[in-house]
Amino acid sequence: MLRRWQLNRGIGLCDPQVNPHCSNSPDWPDARRLRLLSFNIQVGITTQRYHHYLTRSWQHLLPHAGRANNLQRIGSMLGDYDLVALQEVDGGSMRSGYVNQVEHLAHLADFPFWYQQLNRNLGRLAQHSNGVLSRFRPTLLEDHPLPGPPGRGAILLRLGEGAEAIVVVMMHLSLGARTRTRQLAYIHELIGGYRHQILMGDMNTHASDLLVHSPLRDLGLLAPQIEATFPSWRPQRCLDHILLSPGLELEKVEVLAHPISDHLPVAMEIRLPQAQGGPLPPMLNASPVRKR
């Protein structure tokens, strides 16, 4: 069933884009640590009150001077992380000044590898996308449109090889509970064969729904974060998550007080399985991923 959906929706293996201006990918100071961040950046729009959704709605269609400054602020923050999941980024349309925001942030934060997933193509008006930034070349990268109305997607990235490989799925799920259940069932099929799993993104629901009342409930995932992420100016709901399988040891988790978007970013530092340790992480020596 999964393969039929993939064929129907055009899922494909893909290569990460390479940042030619990036310095050489550094060795990890501790080969068993991975620093993660997930952030819905709302295409670089600052929202500080609910009425801004109306009064600043034009910024979703037209360029504005503050967007470049916001991206600079985001880029400065991202430099502290190894793997970043971005939601609500623009892939290069009129509203962003024809700037691919994923690529731009990769350059600002000196990430060697990046990938933009285009989920809703409105031509010159908007290029609704997800994005990933990585310090390390993935051994597998896949682009997955999610079940439901067009416009939602997930990026699957694998680090390392063999039994201790880590699968990371970065996503932006639907608002509706029924559609979200279908999307999580699809994601369950993607990751079920891996021992070490990380799910990151704007999931539009609380952790209890994800871990207890969704198709993910039999995976034993952990949701260490308890702080709210939305709305950024007065957080009341925890909609943005980084979920871990039990074999990945948590070092630190926090919701960052950076109200640049209408969501707050979630940051986490984890310790990798012992078999992944050594002078260099296995993902640095991995062969390039296959081209779609």
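Read the figures in this text as sums done on the coordinates, not as results from a lab. Remember, it's a predicted structure, so these values are computed and weren't measured experimentally.
Using DSSP, restrict attention to beta bridges with both residues in region 87-228 and report what percent are antiparallel, rounded to the nearest 5. Of the beta bridges lying entirely in region 87-228, close to 75 percent run antiparallel.
Return a whole-number percent for the relative contact order of region 164-279, with Cα pairs under 8 Å and 6 or more residues apart as the contact set. Reported as a whole number, the value is 23 percent.
With Cα atoms defining each centre, region 205-247 and region 106-120 are spaced 25 Å apart in the structure.
Using θ = phi - 60° in the Karplus curve 6.51 cos²θ - 1.76 cosθ + 1.60, the 3J(HN,Hα) couplings for region 261-272 round to 10, 8, 10, 9, x, 10, 10, 8, 10, 10, 9, 7 Hz; x is entered for Gly and Pro.
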